[in-house]
Structure formats: structure tokens, C-alpha cells
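The values are calculated or read from the model by the stated rules, or taken from the named source; none is laboratory data. Given the structure is predicted, the values throughout are model-derived calculations rather than measurements. Note that we place each Cβ from the backbone using ideal geometry, even for glycine, and neighbour counts take in every protein chain shown. Keep in mind that these areas ignore ligands, DNA and RNA; they rest on the heavy atoms of the full protein, side chains included. Shrake-Rupley method; radii C 1.70, N 1.55, O 1.52, S 1.80 Å.
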Amino acid sequence: LARERASEISDVRYHLRFTLTPHAPSATGHEDLTFKLKSASTLLLDFREGTAAGLTVNGKPAPAVIDHGHIELPRALLKEGENTVSIDFAAPVAPAGKAITRFEDKDDGSEYLYTLFVPMDADMAFPCFDQPDIKARFHLELTAPDTWTVIGNSPIEKSSVEGNQRLTTFTETRPISTYLFAFAAGPFRRV
């Protein structure tokens, strides 16, 4: 699977939007994925332990079924050249063993969330081609409590507050492997 995908897929871009809610068992998100495909054939996205809904492939609805850690992108909806996939998802958040990890400070009760994808756990956080030789550009938007600091792979492009939530948009990264994509959020202080 990995060799076939690496030979067929190029110019990958993930536009990811995560909503981080304190003490929630999952982080919800939306993904817009674009990539070039050499030949139209059935393609698998990696995603495990989460839920998925609202899948569209090149503007047409498709079943968002997770089967053995994969979501199938039907051949009939794919085309040679540029393809666009959109999907809503939820990924588990836990103190250990998940790609999005929660740390709770026992002294002051503060909560911190961070990603830990090495070596192959990006597919527990969002649907992706989770292999190191398919590098991609990442554009990240995080919605989190306005009292939290958020950190990503790239500089902050803009930030706005609505109610008690802050939407932070990061600039697009250079091409990186999925296991290097990262974010952290919580009541951090800059030192």
C-alpha cells in the first residue's frame, strides 16, 4: 500500500481545523485535503480510533466508513490530476496511548494538550496518508479557550476571539512528513 501510494500521489496539502475543548474525550475537526494523482484508482486514507462523517471526494458525497484503519476514496470519484477531499472527524484525546495527549497538572489543575505522532500515529489524529515518504504542506487552524496558548509547526498568521474561544490560524508549512506535524495547547507561559 505504501509503495503504491508513494508512486501515485504528489503535491499533498492538508488544511486542518481542530476544536480543542477542555477535558473532552475527543477533538473535533474538519479536513480539506488536496493532492495530485497519477492514475484514477481506489485510494485509502489512514484513520483509526476516531469517527468520520461528511466525506466528499471532488465535491461528491462518499461513505465515510472506517474499515481496519482506512477510509476508502472510491475510484469512481477520483481523477487523474488534482483531487480534493473534505471530511469531518473526531479524534480521541487521552492521558496516554493516543496521538493527541492530555496532561493534567496535579498541583494547579491546568490541562495541556499536545500531539505525539512518532513513529506512525498521525492517523489517530486526522485522516491522512500516514507514511514518511508522502510529504505534505499543512495549514492549521485551532479553536481553543482564549486563555490557552497554542503552538504549531509554523508562525501564527492571525488570531481572533469570539466569546471565550480563540481561533488561531497558522501559516502553511513547508513539505513535511505526517509524523512531524504537531501542535500544543494549554495555559503555557512564554519564557
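How many residues are within 17 Å of residue 18 (Cα to Cα), outside any loop (DSSP other than H, G, I, E, B) and within 14 Å of the chain's Cα centre (by Cα) if we restrict to the stretch 102-144?
Total meeting the criteria: 13.
Among what's in the stretch 103-135 and is touching a helix residue (DSSP H, G or I) at 6+ places or on another chain (Cβ under 7 Å) and aliphatic (A, V, I, L, M), pick the residue that is most open to solvent (accessible area, probe 1.4 Å). Give the steps one after another, and end with the answer.
Applying the first criterion (touching a helix residue (DSSP H, G or I) at 6+ places or on another chain (Cβ under 7 Å)) to the stretch 103-135 yields 117-120, 122, 128-134.
Still in the running and aliphatic (A, V, I, L, M): 118, 120, 122, 134.
Numbers: 118: 90, 120: 120, 122: 0, 134: 7 Å².
Out of the qualifying residues, it is 120.
Restricted to the stretch 66-102, and to residues that are more than 14 Å from residue 43 (Cβ to Cβ) and β-branched (Val, Ile, Thr), which residue is surrounded by the most Cβ atoms within 10 Å (Cβ to Cβ)?
100
If residue 42 satisfies every condition in (1) loosely packed, with under 13 Cβ neighbours inside 10 Å; (2) modelled with pLDDT of 95 or more; (3) over 28 Å from residue 146 (Cβ atoms) but one, which is the exception?
With (1) loosely packed, with under 13 Cβ neighbours inside 10 Å; (2) modelled with pLDDT of 95 or more; (3) over 28 Å from residue 146 (Cβ atoms) applied to residue 42, the lone miss is (2).
Of the residues in the stretch 1-45, how many are under 18 Å from residue 140 (Cβ atoms), out of contact with any helix residue (DSSP H, G or I) (no Cβ under 9 Å at 6 or more places or on another chain) and assigned to a strand (DSSP E or B)?
Summing the residues that are under 18 Å from residue 140 (Cβ atoms), out of contact with any helix residue (DSSP H, G or I) (no Cβ under 9 Å at 6 or more places or on another chain) and assigned to a strand (DSSP E or B) in the stretch 1-45 gives 17.
Check the stretch 165-185 and report whether any residue there is among the aromatic types (Phe, Trp, Tyr), outside any loop (DSSP other than H, G, I, E, B), in contact (Cβ under 8 Å) with a residue 40 or more places away in the chain and touching a Ser or Thr at 6+ places or on another chain (Cβ under 9 Å). First the steps, then the outcome.
Start the filter on the stretch 165-185 by keeping residues that are among the aromatic types (Phe, Trp, Tyr), which leaves 170, 179, 181, 183.
From the residues that got through so far, the ones that are outside any loop (DSSP other than H, G, I, E, B) too are 170, 179, 183.
Still in the running and in contact (Cβ under 8 Å) with a residue 40 or more places away in the chain: 179, 183.
From the residues that got through so far, the ones that are touching a Ser or Thr at 6+ places or on another chain (Cβ under 9 Å) too are 183.
Yes; the residues of the stretch 165-185 include at least one that is among the aromatic types (Phe, Trp, Tyr), outside any loop (DSSP other than H, G, I, E, B), in contact (Cβ under 8 Å) with a residue 40 or more places away in the chain and touching a Ser or Thr at 6+ places or on another chain (Cβ under 9 Å).
Hey, does the stretch 58-80 have a residue that's closer than 30 Å to residue 166 by Cβ, modelled with pLDDT under 95 and assigned to a loop (DSSP other than H, G, I, E, B)?
no
Sort out which residues of the stretch 139-176 are crowded, with 18+ Cβ neighbours inside 10 Å and touching a helix residue (DSSP H, G or I) at 6+ places or on another chain (Cβ under 9 Å), and write them in order of number.
Hit for the stretch 139-176 is 173, nothing else.
Yes or no: the stretch 104-123 includes at least one residue that is at pLDDT below 95, of a type outside the set (D, E, K, R) and on the phi > 0 side of the Ramachandran plot.
Yes, that holds for at least one residue.
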